[in-house]
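Taking it in order: structure first as structure tokens, then the write-up.
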Amino acid sequence: MKELLAEFVSISSETKDLEGVFQVQKKLHALLHALGAELRWLDPEVEGYAPGLLAKWPASARNTKLEPGVCLVAHADTVYPKELLKESSFNEESGMLLGSGVADNKGGLVIAYAALKKLFDEGKLKNTKRPLYLFCSSCEELGSPAFQTFIKEFSLNLDFVLGMEPALPDGALIKKRRGNRYYRIEVFGNSVHTGRDLKEAANPMRGVALLVDLIEDLKEKHPKISASLNGIKGYPFKFNMSSEKIEMNLDTRFDLSEDIHAFHEELSREIASLSFKSPDKKHSGRFSVEIVDDCPAFDSGMPGAELLEVANSFSKVEGKKVSFGDGLGSSDCCYFYREGLKILDGLGPRGGKIHSPEEFIEPESLENRASALAMSLLEL
């Protein structure tokens, strides 16, 4: 398993590196084909992304009742561009496996494949109670914009969704995830020479100051919403010149859709009322707001008997209690969510430092979690 993980990690697959992402998908395609899967390439619904991949194994022929399926959810892309790619390595001092995307989500991919291979080798992969699927996105790190329609429609064919994202820091499985909504906010002014013509500048930095105050005020009024401004860029970036435009991201997280809707309404209304002018009052600035990613929250509620048994299987194999927890970020499982669908995420490796150069996993969690997942797939 470590060798396969090292091979996946060695492939640069930042979301917009289409060749690298597709290379991971093709490698996975070959592995799943050898396990007898029915395979389907998924064309992106919007341009600029690599294909997705869907694998299927029918339920046991003895199961005459048509049951909705069980879907493993993973992704081939990472956040790392080629220049930041770190090969898989073993740290003798910590005993951890390191590498770009080693936990998110290439470790999860390897665990999913190993569980399916274990069932295949034991002759049990086609003896499951329900059809099994594996969906592998090419753009999860950007909110899977290329497959959101497919995911929404495909979820109607499912009874269970098992996400292969990394476990929570204590190894817990994830029964609930916050949603996120990302805004792109642009502040427009006019670019002038700051030595000669400063009085004519409707400087967008003044608009940024107004925006920061507004977001802080909204955070107090909407305490259930997490909000942060980041990724500020100015255009043009020149010495002696004020910017014509400043662009930034507003990152919001929420538990309930009604909370983000209320936040959005007030944000839209208040930004429309903001204004700033040049010192000579002859030039005005303006704001533009666009939603660039809108991921719902999911909350399966108290886990039912089937998901409790999944946690029990993980506890038995790992030799320590595996409980349930809440994820603060989103994943593709959020897009699958609908009433009545049972979702459990975090079945990937134990690890940490996700999305950082120090990303790591506990090596033993690969084998342990693959074995536990195989047991769970048979039970479900």
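The values are calculated or read from the model by the stated rules, or taken from the named source; none is laboratory data. All figures in this text were calculated on a predicted structure; none of them were measured in a lab. Cβ coordinates were reconstructed from backbone atoms using ideal geometry, including for glycine residues, and neighbour counts include every protein chain displayed. Keep in mind that these areas ignore ligands, DNA and RNA; they rest on the heavy atoms of the full protein, side chains included. Shrake-Rupley method; radii C 1.70, N 1.55, O 1.52, S 1.80 Å.
Side notes on the structure shown:
- Rolling a 1.4 Å probe across the protein heavy atoms gives the range 186-225 an accessible surface of 56 Å² per residue.
- Looking at the range 248-374, the accessible area is 46 square angstrom per residue; that uses a 1.4 Å probe and ignores ligands, DNA and RNA.
- Unsatisfied cross-links (Cα-Cα over 31 Å) in the set LYS26/LYS316; LYS106/LYS175; LYS27/LYS129; LYS106/LYS224; LYS56/LYS176: LYS26/LYS316; LYS106/LYS224
- Full-extension gain in nm, LYS26 to LYS233, via 0.36 nm per residue minus C-alpha separation: 70.9 nm
- 0 to 90° range, to nearest 10: angle between helix 204-221 axis and the chain longest Cα axis: 50 degrees
- Area accessible to solvent at LEU132, 1.4 Å probe radius, in Å²: 0 Å²
- The GluC sites (Glu not before Pro) of the range 63-143 meeting both criteria, a DSSP state outside H, G, I, E and B (loop) and at most 16 other C-beta atoms within 10 angstrom of the site's C-beta, are GLU87, GLU92, GLU93, GLU122.
- Helix 257-273 vs. the chain, principal-axis angle (Cα, 0 to 90°, nearest 10): 20 degrees
- Share of carbon and sulfur in the accessible area of the chain stands at 51%, probe radius 1.4 Å.
- Extension gain, ASP294 back to GLU216 (0.36 nm per residue minus Cα-Cα distance, nm): 25.9 nm
- Looking at the range 1-105, the trypsin sites (Lys or Arg not before Pro) that sit in a DSSP loop and have at most 11 other Cβ atoms within 10 Å of their own Cβ are ARG62, LYS65.
- Between ASP293 and TYR182, the built amide H atoms are under 5 Å apart, and every one of these is 5 or more places off in sequence or on another chain.
- Cα long-axis angle, helix 18-33 against the chain (0 to 90 degrees, to the nearest 10): 10 degrees
- Extending 7 Å from the Cα toward the beta-carbon at both GLU45 and MET1 defines two label points whose distance is 3.3 nm.
- FRET efficiency for LYS126 and LEU256, using Cβ-Cβ distance with R0 set to 45 Å, rounded to 0.05: 0.65
- For the range 33-141, the gyration tensor built on C-alpha atoms gives an oblate shape. Its axis ratio a/c (a ≥ b ≥ c) is at least 1.5, and a/b is not larger than b/c.
- Those lysines that a straight Cα-Cα span of less than 19 Å connects to LYS281, excepting residues fewer than 8 apart in one chain: LYS199, LYS245
- Rough spin-label spacing in nm, given labels placed 7 Å along Cα→Cβ, for HIS355 and ASP170: 2.3 nm
- Taken over the chain, the alpha-carbon convex hull comes to 154 cubic angstrom per residue.
- Considering only GLY195, SER242, VAL208, the residue lying farthest towards the positive end of the dipole of the range 98-250 is VAL208, judged by Cα position with unit charges set on Cβ.
- Calculated on the alpha-carbon coordinates, the convex hull of the range 183-294 measures out at 87 cubic angstrom per residue.
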